[in-house]
Every structure is written in C-alpha cells, then in structure tokens.
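Taking it in order: structure first as structure tokens, then the write-up.
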Amino acid sequence: QVQLVESGGGLVQAGGSLRLSCAASGRRTFSTYAMGWFRQAPGKARVFVAAIHWSGGRTDYLDSVKGRFTISRDNAKNTVYLQMNSLKPEDTAVYYCASDARYSILVGGGPDYWGQGTQVTVSS
C-alpha cells in the first residue's frame with residue numbers, strides 16, 4: 001500500500017508564495033515513480049498542474065502556471081515539492097499529490113495513487 005501525504009497549503013494573498021510538500025511511504029521504489037500535482041477548484045473538475053519524471057529530467061506544467069510554479073523531488077526523502085510563486089485568486093483549489101510508475105499515465109490524469117489533498121486559498 002502506498003500513502004501520499006500533502007502539506008503546506010494555506011491562505012495567502014495574491015502575489016504571495018506557498019510551497020507544497022508530498023511525502024510518500026509504503027513503497028521502496030519511490031525513486032522510480034513519476035510524481036505530480038493536480039488541483040480541483042469548487043464546482044470544477046480536477047486538472048493536471050505539474051509532473052516530474054522519476055529521474056527529475058523531465059517536467060511538465062499546466063500552461064497557466066508555467067513560469068510561476070516549479071515541481072521538484074528529493075528521492076532520498078521520498079518527497080515531491082511544488083513551489084508556487086506569484087499566486088493568483090484563480091489558483092485557489094484543493095491540491096492533490098499523485099504518483100504512478102508510468103509518466104504518461106500520470107500526466108493524463110489516471111495515476112494509481114492519490115493523496116488526500118491540501119487546500120490552497122489565494123485572496124485578492
């Protein structure tokens with residue numbers, strides 16, 4: 001069984017920054033899994049935000065967060081991060097960590113493992 005636990009969400013003013021963390025446990029092969037972040041705003045579908053290949057050599061982002069968000073990972077700590085800068089009210093959502101052995105499946109929205117989510121609220 002794999003557990004993904006997010007942290008770092010909260011309330012921030014527009015233009016501010018937050019750093020989300022996702023700690024993985026229960027799997028010794030974390031370093032070989034793709035990791036990513038999704039978000040779901042009230043009344044909307046969950047959407048892909050960012051992903052990072054197991055090697056760290058490839059990342060992908062939602063167009064609207066490019067240049068503002070950065071995904072990274074520390075395989076020694078079994079943790080993935082999402083640094084969010086220049087936050088906007090439209091970034092308000094529940095952010096979910098996700099993991100899958102297949103990068104394309106993760107980016108496509110069908111990963112095997114999900115965290116419970118952490119709320120990010122950006123005030124104007």
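Please work out if VAL120 is aliphatic (A, V, I, L, M), assigned to a strand (DSSP E or B) and more than 23 Å from GLN1 (Cα to Cα). Don't jump to the end; show me each part of the working.
Working: aliphatic (A, V, I, L, M): yes; assigned to a strand (DSSP E or B): yes; more than 23 Å from GLN1 (Cα to Cα): yes.
Against the criterion (aliphatic (A, V, I, L, M), assigned to a strand (DSSP E or B) and more than 23 Å from GLN1 (Cα to Cα)), VAL120 qualifies.
The residue of the stretch 67-79 that is farthest from TYR95 (Cα to Cα), among those that are open to solvent by 50 Å² or more (accessible area, probe 1.4 Å) and at pLDDT below 95, is ALA76.
Regarding SER64, is this residue of a type in the set (Ser, Thr, Tyr), more than 11 Å from the chain's Cα centre (by Cα), closer than 18 Å to SER86 by Cβ and surrounded by 13 or more Cβ atoms within 10 Å (Cβ to Cβ)? In short, yes.
Within the stretch 27-46, being at pLDDT below 95, out of contact with any Lys or Arg (no Cβ under 8 Å at 6 or more places or on another chain) and open to solvent by less than 60 Å² (accessible area, probe 1.4 Å) holds for ARG27, PHE30, SER31.
Exactly one residue among GLY36, GLY56 is assigned to a loop (DSSP other than H, G, I, E, B) and touching a Ser or Thr at 6+ places or on another chain (Cβ under 9 Å), and that residue is GLY56.
The values are calculated or read from the model by the stated rules, or taken from the named source; none is laboratory data. Quick caveat, the model's predicted, so the values are computed rather than measured. Note that we place each Cβ from the backbone using ideal geometry, even for glycine, and neighbour counts take in every protein chain shown. What goes into the accessible areas is simple: the full protein's heavy atoms, side chains included, and nothing from ligands, DNA or RNA. Shrake-Rupley method; radii C 1.70, N 1.55, O 1.52, S 1.80 Å.
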